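**Q** There's a structure below that I have some questions on.
The values are calculated or read from the model by the stated rules, or taken from the named source; none is laboratory data. A quick note: this is a predicted structure, and the numbers were derived from the prediction, not measured. Here Cβ is always computed from backbone atoms with ideal geometry, including for glycine, and neighbour counts include all displayed protein chains. Ligands, DNA and RNA are stripped out before the accessible areas are found, and what is left, the full protein with its side chains, is counted by its heavy atoms. Shrake-Rupley method; radii C 1.70, N 1.55, O 1.52, S 1.80 Å.
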Amino acid sequence: MIESNLINDLRFGWRSMRRAPAFTATALIALALGIGGTAAIFSVVNAVLLRPLPLGDPERLVAILHHRNNPVAPANFLDWKRQSTSFERVGAAEYWTPNLTGNGSPEKVQALRLTTDAFAIAGVQPAIGRLFVNGEDEPGREHEAVLAFGFWQRRFGGDRGTIGRSITLDGASYTIVGVMPEGFDYPMFWAHGVQLWAPLALGTRGASREAQSLRVLAKLRQGVSVSRAGAENTSITAGLEREYPGTNRDVHVIPLRDLVVGNVGPALLVLLGAVGFVLLLACANVAHMLLARGAAREREMTVRAALGAGRSRLVIQLLTESLLLGGVGGAIGLAIAAYGVHVLVALGGNGLPRAAEIGLDARVVIFTLLLSVATGLIFGMLPAVRASQTHLTESLRESSRGAGAGSSTRQHRLRDVLVASEFALALVLLTGAGLAIRTFIALRNIDPGFDPRGVVTMIVSFTGSSEASPERRVTFIEQLLERVRTLPGVTSASAINHAPIVGDIWGQSLFIEGRSVPKAGEAPSAAYRVVLPGYFTTMGIPVLQGRDLAMTDRLGAPSVVVINEFTARRYWPGESAIGKRITLDRPGPQTNWRTVVGVVKNTVRSDWAAPAEEEIFVPWLQESQYLTSMGPHVGYMTLVARANCDRASKLCDPASLVPAMRTAVWSFDRNLPVAEVWTMEQVVQLANARPRFTLVLLGAFAGVALVLATVGVYGVMSYAVSRRAHEIGVRLALGAEPRAVVRMVVGEGMAVSLTGAGIGIVGALLLTRSMASLLYGVKSSDPVTFLAVSLVLVVAALVATYLPARHAARTDPLRALRAD
């Protein structure tokens, strides 16, 4: 019996939807947008925040880092591993970018060197072959390689016979022993897009507490919490700090998942809440429509009740129709979500962790199904209950004379509450979008300190090539720059170890001549840049005092340095820094003091919105021997060229210089890889990717919310006017001015809208606090944003109420009275 009633209700509901195509289409569009947007955002939240890391026992995996983010020295890693009892395994990883040669075109590979424990911690078996075994991370035995699945497919065509083959990395032979499964990107929080892994042999480096290059990874023992492991590690590092001052400060044990997610979590939760508001607005709009439709179906409900249908039976029938509407809207919304996920991933760019895992999995589909059911209940319950409250005598009497005052009053109250709630939700969303816009404008107005227009960068790696020897590399770089500078369309060219924002940052301790020498570990640190003459001109960085580096600043000449404005003001406030001396080594009898010959404008380093810090620029021609002594991992430079961006030039696009620049590099050696080619305009866009992601989505949600709220008010006022046609006709017949009718209708609509907006302001003041960590240059309670949003909503409400009011003022009194 129940099943038969349900089938009959579904059939009736389907016929009812088909008989009202305009109502059905409007309702489905609103629901599909709300459900689809919510499902799409949830798919991102699910992949990034909810789904476990694709590693073995992910909740037991942690990293041990200085200052929660910085690498550690080899000797510290070995001591922590030896003294700790909280971990089942402790391993280390080091970033490596070797040159792959001798197997097709040369390529600079993104790679990691790992201890065998670090690979075992991941708990993932290779797709083919094996992982490293004990002893393969010892000096002389570290020449195996495990490939990433995508790299294996692209470079070796997915040939299973690749196992056992040899490849040449930085001029040394490595044997391929395994291929990891598709999607494996260990360790996930750093060095993304790794293409191969090789064993890490520390050798004599294991005694160093200075060169901090390792990320330490560990797996907790069963039953050991992160806090307990952290407390033990604090005790260990405190003892080491007493023995080796300045080497073991501010060390943290951090869950791997926290590092992978980073600071994207708050933004995703804000967006999920925002799209949830859009869904509530859609529900309120559909509830409006169902209330209006319920009034039109009042006689139908009365007749059904007169024929014996109980109130519960009427509620079930109406809820079945609502659930059917929600189900169809959910199905369309799921299709919208499938497309929206691709848009979200594209918008998020590199700012979204675990982007490859984002998609519509079973959890998202089930969530969407439940959301559709919940939505149908939310927007259908009130109209269903209201429509089922039939009073036979009163309804039949009212149906014989038109709209009833009692029922109309109750329905007006419901509609007023829904309209007020829509404007409250819309104001919260518009405020969030306004704050995002203000933030994005503030970020866009940040002066990077350089002119990105027309600049292209590329890394040239010479490790393992004929240009790598200390005697040859200086000549090679000088000759390469001479050739690049003569290329058509190039106005200037130079080189630096790491380009701003997109490049790495090397830190060096800084000591000032004539100042007291800080204790070990307490010396200030400066970003260490190695550049060639012409770098500041090429990047468009103004020299504020003194001079640029010159070709004469080379080995044998007095050591010089250029510093940024922040360094000059911090250490020599109120006086010129030119002629002052600094050193990067702890002062002693053989100190290499460097004379400051120039001060340049502050430039953005890695974090676009971070304040300026110490930065020094030393001449490559004086540092080349020092860099060589640091090992093969510094065997590269970043080539920087500026294009002639005259409007009449066809080479204004700096990317058009890349082929000729590659040819110039390969004219020296075909085995020299060229990698990480960027225009600086792309780099700037990348730096603003995350705030742009938040801005675009919040703006889209706010736009939809504004439209829904405006349409909701317009629909309610239009329906109210049509129901009050008799009353308005009487007023006009008795001499009321049309303007008075307009004022009356607009006043009623604006009163409800402004009440909702007032509630929304209070809600926005409370809820936008959750956005504080996402804002820059503006407070979450910014009065300008609140005022602008309120004005937009007032204008929208005026438009939505004025149009029905004008229509009401044109009512023909005789026709209205005759119709009654």
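**Q** Show me the strands (runs of 3 or more DSSP E) entirely contained within region 433-522 in which 1 or more residues are free of Cβ contacts under 8 Å to residues at least 24 places away in the same chain and open to solvent by 10 Å² or more (accessible area, probe 1.4 Å).
**A** Working: elements: 455-461, 490-496, 507-509.
In region 433-522, the matching strands (runs of 3 or more DSSP E) lie at 507-509.
**Q** Please specify each residue of region 7-29 satisfying the condition of being open to solvent by 10 Å² or more (accessible area, probe 1.4 Å), of a type in the set (A, V, I, L, M) and in contact (Cβ under 8 Å) with a residue 12 or more places away in the chain.
**A** Leu10, Met17, Ala20, Leu28
**Q** Taking the conditions exactly as written (closer than 23 Å to Val794 by Cβ, surrounded by fewer than 17 Cβ atoms within 10 Å (Cβ to Cβ) and within 29 Å of the chain's Cα centre (by Cα)), does Gly699 satisfy them or not?
**A** No; evaluated as a whole, the condition is false for this residue.
**Q** Let me ask another. In region 568-594, which residues are open to solvent by less than 50 Å² (accessible area, probe 1.4 Å), part of a loop (DSSP other than H, G, I, E, B) and within 17 Å of Gly546 (Cβ to Cβ)?
**A** Narrowing region 568-594 to residues open to solvent by less than 50 Å² (accessible area, probe 1.4 Å): 568, 571-572, 577, 579, 582-584, 587-588, 591, 594.
So of that shortlist, the ones also part of a loop (DSSP other than H, G, I, E, B) come out as 572, 577, 579, 584, 587-588, 591.
Listed by number, the residues that qualify are Trp572, Ala577, Gly579.
**Q** Tell me, please, whether a residue that is surrounded by fewer than 18 Cβ atoms within 10 Å (Cβ to Cβ), in a helix (DSSP H, G or I), at pLDDT below 60 and not polar (S, T, N, Q) can be found in region 353-365.
**A** No: region 353-365 contains no residue that is surrounded by fewer than 18 Cβ atoms within 10 Å (Cβ to Cβ), in a helix (DSSP H, G or I), at pLDDT below 60 and not polar (S, T, N, Q).
**Q** Tell me, which residue of region 76-134 that is closer than 23 Å to Asp669 by Cα and among the charged types (D, E, K, R) is farthest from the chain's Cα centre (by Cα)?
**A** In this case the residue turns out to be Glu107.
**Q** Among the residues of region 228-238 satisfying the criterion of being in contact (Cβ under 8 Å) with a residue 60 or more places away in the chain and within 14 Å of Asn76 (Cβ to Cβ), which is farthest from the chain's Cα centre (by Cα)?
**A** Ile236
**Q** For region 74-94, does any single residue satisfy the condition of being closer than 30 Å to Leu672 by Cβ, open to solvent by 20 Å² or more (accessible area, probe 1.4 Å), in a loop (DSSP other than H, G, I, E, B) and in contact (Cβ under 8 Å) with a residue 24 or more places away in the chain?
**A** no
**Q** Hey, another quick one. Among the residues of region 218-237, is any among the hydroxyl-bearing types (Ser, Thr, Tyr), open to solvent by 40 Å² or more (accessible area, probe 1.4 Å) and assigned to a loop (DSSP other than H, G, I, E, B)? Quick ask: steps written out before the conclusion?
**A** Quick first cut of region 218-237, residues among the hydroxyl-bearing types (Ser, Thr, Tyr) only: 225, 227, 234-235, 237.
Cutting the leftovers down to open to solvent by 40 Å² or more (accessible area, probe 1.4 Å) gives us 225, 227, 234-235.
The next check asks that each one be assigned to a loop (DSSP other than H, G, I, E, B); those that pass are 225.
Yes, region 218-237 has at least one match.
**Q** Filter region 725-750 down to the residues that are over 51 Å from the mean Cα position of the chain (by Cα) and among the basic types (Lys, Arg), then identify the one that is least open to solvent (accessible area, probe 1.4 Å).
**A** For region 725-750, the residue satisfying everything is Arg731.
**Q** Here's something else I'd like to know. Tell me, which residue of region 272-300 that is at pLDDT below 80 and in contact with a Gly (Cβ under 8 Å, 6 or more places away or on another chain) is most open to solvent (accessible area, probe 1.4 Å)?
**A** Met289
**Q** Give me the pairs: first residue in region 111-128 and under 17 Å from Gly203 (Cα atoms) and of a type outside the set (Asp, Glu), second residue open to solvent by 10 Å² or more (accessible area, probe 1.4 Å) and assigned to a strand (DSSP E or B), beta-carbon distance under 6 Å, and six or more apart or on different chains, which are they?
**A** Sorted first by the residue in region 111-128, then by its partner, the pairs are Arg113/Glu94; Arg113/Trp96.
**Q** Just give me the residues in region 751-788 being among the β-branched types (Val, Ile, Thr) and open to solvent by less than 30 Å² (accessible area, probe 1.4 Å), in sequence order.
**A** Across region 751-788, the qualifying residues are Val752, Thr768, Val778, Thr785.
**Q** What number of residues within region 447-472 satisfy the criterion of being among the charged types (D, E, K, R) and touching a Phe, Trp or Tyr at 6+ places or on another chain (Cβ under 6 Å)?
**A** First pass over region 447-472, keeping only residues among the charged types (D, E, K, R): 447, 451, 453, 467, 471-472.
Cutting the leftovers down to touching a Phe, Trp or Tyr at 6+ places or on another chain (Cβ under 6 Å) gives us 467.
Summing the residues that are among the charged types (D, E, K, R) and touching a Phe, Trp or Tyr at 6+ places or on another chain (Cβ under 6 Å) in region 447-472 gives 1.
**Q** Pairs please, first residue from region 602-613 and farther than 12 Å from Gly449 by Cβ, second anywhere and in a loop (DSSP other than H, G, I, E, B) and among the basic types (Lys, Arg), Cβ atoms under 9 Å, 6+ apart in sequence or on different chains.
**A** Hits for this filter: Glu613/Arg605.
**Q** Shifting gears a bit: Please name all residue pairs, on different chains or six or more residues apart, with Cβ atoms under 9 Å, provided the first residue is in region 189-211 and is closer than 19 Å to Arg82 by Cβ and the second residue is assigned to a strand (DSSP E or B) and open to solvent by 30 Å² or more (accessible area, probe 1.4 Å).
**A** Pairs that qualify, where the first residue is closer than 19 Å to Arg82 by Cβ and the partner is assigned to a strand (DSSP E or B) and open to solvent by 30 Å² or more (accessible area, probe 1.4 Å), are Leu200/Arg113; Ala201/Arg113.
**Q** Right, here's the next one. Among the residues of region 121-150, what is the count of those that are among the basic types (Lys, Arg) and within 23 Å of Lys219 (Cβ to Cβ)?
**A** Count: 1.
**Q** Sticking with this structure for a sec: Name every residue in region 525-556 that is open to solvent by 10 Å² or more (accessible area, probe 1.4 Å) and of a type in the set (Lys, Arg), in order of residue number.
**A** Arg547, Arg554
**Q** Can I ask one more? Can you tell me how many residues in region 97-111 are more than 15 Å from Glu676 (Cα to Cα), outside any strand (DSSP E or B) and either open to solvent by less than 20 Å² (accessible area, probe 1.4 Å) or among the polar types (S, T, N, Q) (or both)?
**A** Within region 97-111, residues that are more than 15 Å from Glu676 (Cα to Cα), outside any strand (DSSP E or B) and either open to solvent by less than 20 Å² (accessible area, probe 1.4 Å) or among the polar types (S, T, N, Q) (or both) number 2.
**Q** Checking Val133 against (1) touching a residue at least 40 places away in the same chain (Cβ under 8 Å); (2) aliphatic (A, V, I, L, M); (3) open to solvent by 50 Å² or more (accessible area, probe 1.4 Å), which single condition isn't satisfied?
**A** Failing condition for Val133: (1).
**Q** For Arg806, state whether it is of a type in the set (D, E, K, R), part of a helix (DSSP H, G or I) and surrounded by 14 or more Cβ atoms within 10 Å (Cβ to Cβ).
**A** yes
**Q** Check off (1) within 22 Å of His67 (Cβ to Cβ); (2) at pLDDT below 95; (3) surrounded by 16 or more Cβ atoms within 10 Å (Cβ to Cβ); (4) more than 31 Å from the chain's Cα centre (by Cα) for Ala201 and give me the number that stays unchecked.
**A** The number of the failed condition is (1).
**Q** Considering only residues that are in a helix (DSSP H, G or I) and either among the hydrophobic types (A, V, I, L, M, F, W, C) or out of contact with any Gly (no Cβ under 7 Å at 6 or more places or on another chain) (or both), which ones fall in region 112-131?
**A** Matches in region 112-131: Thr116, Ala118, Phe119, Ala120, Ile121, Ala122.
**Q** Can we say Gly129 is more than 25 Å from Gly635 (Cα to Cα), in contact with a strand residue (DSSP E or B) (Cβ under 7 Å, 6 or more places away or on another chain) and among the small types (Gly, Ala, Ser)?
**A** Yes.
**Q** Hey, can you tell me all the residues within region 239-265 that are without any contact (Cβ under 8 Å) to a residue 60 or more places away in the chain and within 30 Å of the chain's Cα centre (by Cα)?
**A** Correct list: Asp258 only.
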